[in-house]
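The structure appears right after this line, and notes come after that.
The values are calculated or read from the model by the stated rules, or taken from the named source; none is laboratory data. None of the values given here were measured: they were computed from a predicted structure. Positions of Cβ are generated from backbone atoms using ideal geometry, with glycine treated the same way; all protein chains shown enter the neighbour counts.
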Amino acid sequence: MTAFSLEPAQLAWCAELRTLAAERLRPLADKGEPGRVNRALVAELGSLGLLGRLFTSGALDLCLMRESLAYACTEAETALALQGLGAHPVHAYGTREQRARWLPRVADGTAIAAFALSEPGAGSDAAALELRAEPEARTEPEARTEPEARAEPESPRSEGPPAAPALAAAPDGPARWRLTGGKCWISNAPEADFYTVFARTTPGAGARGVTAFLVPADRPGLTGRGLDMLSPHPIGALDFDAVPVTSDDVLGEADRGFRVAMGTLNLFRPSVGAFAVGMAQAALDATLAHTAGRDAFGGKLKDLQAVAHQVAEMALRTEAARLMVHAAASAYDADAPEVPRRSAMAKLLATETAQYVVDAAVQLHGAGALQRGHLLEHLYREVRAPRIYEGASEVQRGVIAKELYARQEAR
């Protein structure tokens, strides 16, 4: 298989997913409350086995799932994607105990996951995050009564400036921190059951001083509130008031959480592009049907050269975006060295393309496309956010340029 064609079995699977989305997921999505987690929809994704595939499929399969679901039910696509985004760090970097506790519940749709990276002052510049993971001061151990213990001399105390507090831990026990600060624009907050949280464990170290933590929603000191956003799914802010975490909650290694974040985003950025392609294809197909059937100026809309050329441009850009998404996903599955560049290119092209295609579709449909409940009115609201989240378009251009110049300098 190449990045430029799909096997018949893959094409059949995509068609099956579109049918499932239309017949079983769309009705549940319609019953959901805007701005709230639709747990019935998530549970149905679990019962269909789609959430479980998040942890067994490669990047290309993830893209095929997201495009197919987005074509017929963007709410189902987003619910699936958010489960994957929040839980992938646990799957890829978690301990055996963390995976055993949470992944089965994510897969069956009974636990809602969230990815908590962005902050009010650290959105696109993720390395600038300020949520603090402050180490607890080590407590003095109880006095030992064995003769050997009494015979040991005390350690001398420094008369200089006090050292940074050591991480609190009983002998052979976990290190302990307190999370203090906030997160903002977090999808599924404040209703998620657990969060993958990125916090600064080493001040002044940039990306090198960030640690990823798995934080259950019921931890003391963790509160949240919903934000009134242009979004059908919940987006909220989280407040951390000395929330306790230990080394048992760390995902990966302390101070290396930026690798967890970027590893997750490199996987999901092409699939954000796939989500966008699914919306673009839905808008294109609606436009083909509308322009072929609408009477205008003594013929059909499609007979007007300006309209036909516009539709051709929409189709051209959609297919180009799809091919780039598939190429980026295939590069990820092959563990190719150019994954960050390809992922950035795929997300950038696909999300910008979808914005263009949906806008053009609205223009060709006219005022009716802006009525509440119309497919294009829905897509017009949905298509804007992907150009911002998981790295805005400007950030993707920066990633691409950085990778290009790095490759040029290495020659």
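In table form, for the structure just shown:
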| item | result |
| --- | --- |
| Top-ranked residue in region 287-307 [being touching a helix residue (DSSP H, G or I) at 6+ places or on another chain (Cβ under 6 Å) and of a type in the set (A, V, I, L, M, F, W, C); ranked as surrounded by the most Cβ atoms within 10 Å (Cβ to Cβ)] | Leu301 |
| Single unsatisfied condition, Gly209 versus (1) surrounded by fewer than 19 Cβ atoms within 10 Å (Cβ to Cβ); (2) in contact with a Pro (Cβ under 8 Å, 6 or more places away or on another chain) | (1) |
| Residues of region 372-397 that turn out to be at negative phi, out of contact with any Ser or Thr (no Cβ under 7 Å at 6 or more places or on another chain) and in a loop (DSSP other than H, G, I, E, B), as a count | 6 |
| Some residue of region 266-285 being under 26 Å from Lys347 (Cα atoms), surrounded by fewer than 21 Cβ atoms within 10 Å (Cβ to Cβ) and of a type in the set (Gly, Ala, Ser) | no |
| Sole residue being outside the structural domain of Glu338 (by TED's automatic domain parsing), farther than 30 Å from Glu319 by Cα and either among the acidic types (Asp, Glu) or surrounded by fewer than 23 Cβ atoms within 10 Å (Cβ to Cβ) (or both), chosen from Pro220, Pro234 | Pro220 |
| Subset of region 91-108 (residues that are closer than 12 Å to Val260 by Cβ and part of a loop (DSSP other than H, G, I, E, B)) | Gly94 |
| So Ala369, is it touching a His at 6+ places or on another chain (Cβ under 9 Å), closer than 22 Å to Ala308 by Cβ, part of a helix (DSSP H, G or I) and touching a residue at least 40 places away in the same chain (Cβ under 8 Å) | no |
| Set Ala344, Ala354, Ala327: member being small (Gly, Ala, Ser), in contact with a Lys or Arg (Cβ under 9 Å, 6 or more places away or on another chain), surrounded by fewer than 24 Cβ atoms within 10 Å (Cβ to Cβ) and in contact (Cβ under 8 Å) with a residue 24 or more places away in the chain | Ala327 |
| Yes/no for Asp295 being of a type in the set (Asp, Glu), free of Cβ contacts under 8 Å to residues at least 40 places away in the same chain and in the same structural domain as Thr264 (by TED's automatic domain parsing) | yes |
| Complete set of residues in region 25-42 that are buried (at least 16 other Cβ atoms within 10 Å of the Cβ), of a type in the set (Gly, Ala, Ser) and modelled with pLDDT of 95 or more | Ala29 |
| Pair list, Cβ under 7 Å, 6 or more apart: region 73-94 residue over 22 Å from Ala280 (Cα atoms) and touching a residue at least 12 places away in the same chain (Cβ under 8 Å), other residue assigned to a helix (DSSP H, G or I) and basic (Lys, Arg) | Val90/Arg99; His91/Arg99 |
| Hey, Gly49 touching a helix residue (DSSP H, G or I) at 6+ places or on another chain (Cβ under 8 Å), closer than 30 Å to Ala336 by Cβ and small (Gly, Ala, Ser) or not | no |
| Count - residues of region 255-284 that are modelled with pLDDT of 95 or more and of a type in the set (A, V, I, L, M, F, W, C) | 11 |
| Hits in region 232-248 (condition: touching a helix residue (DSSP H, G or I) at 6+ places or on another chain (Cβ under 8 Å) and either assigned to a helix (DSSP H, G or I) or farther than 17 Å from Ala113 by Cβ (or both)) | Pro232, Asp248 |
